[in-house]
Amino acid sequence: MKRQRRSFGNDFKKQIVESIVSGSATQAELAREYNISPVLINKWKKDYRAGKFFENVDSQDMAKFKLRVSELERLLGKITLENEMLKKIRDLDTMKKKDNSSIVTSRDWDRLKGGAR
């Protein structure tokens, strides 16, 4: 007896992948529930990221989206670097203020320079 090969529609595949991405179910749970190989679900996830399940989006739109994502990633990196530099400047300024805040004042300094009396 030959086993019949199942085929899944794009809507079903999209639903499975979106369930995994949203965190409402794990890949292992869905694989057991629908008796689907986890390897096949991984392939669907890869296809989903490539935009295969979106009929209304053409390759030109995907290229625009990818360009926008790379631009936003570059901007995020720049802001992260600026944030790191500002934190370092703040820490240096705090250290400098701590160094300047000694207990000895200028009036006391003249008396201390003269030595013990």
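The values are calculated or read from the model by the stated rules, or taken from the named source; none is laboratory data. All values reported here derive from a predicted model rather than from experimental measurement. Heads up, the Cβs are rebuilt from the backbone with ideal geometry, glycines too, and the neighbour counts pull from every protein chain shown. Just so you know, the surface numbers come from the protein's heavy atoms only, side chains and all, with ligands and any DNA or RNA stripped out. Shrake-Rupley method; radii C 1.70, N 1.55, O 1.52, S 1.80 Å.
When peptides 25-36, 73-84, 9-20 are sorted by average Cβ neighbour count within 10 Å, with the highest value leading, the order is 9-20, 25-36, 73-84. Using only the Cα atoms of the range 6-74, build the gyration tensor, take square roots of its eigenvalues as a ≥ b ≥ c, and label the shape rounded, prolate or oblate: rounded if a/c is under 1.5, else prolate if a/b is larger than b/c, else oblate. Since a/c reaches 1.5 and a/b is larger than b/c, the shape of the range 6-74 is classed as prolate. On full extension, the segment bounded by residue 18 and residue 72 gains 17.1 nm, given 0.36 nm per residue less the C-alpha separation.
For the pair residue 81 and residue 61, the difference between a 0.36 nm per residue extended length and the Cα-Cα distance amounts to 4.2 nm.
Mind checking the full-extension length gain between residue 11 and residue 39? Use 0.36 nm per residue of separation minus the Cα-Cα distance, one decimal, nm.
On the way: separation 28, 0.36 × 28 = 10.08 nm, distance 1.86 nm.
Full-extension gain reported as 8.2 nm.
The residues of the range 1-71 present an accessible area of 82 Å² per residue when probed at 1.4 Å with all protein chains retained.
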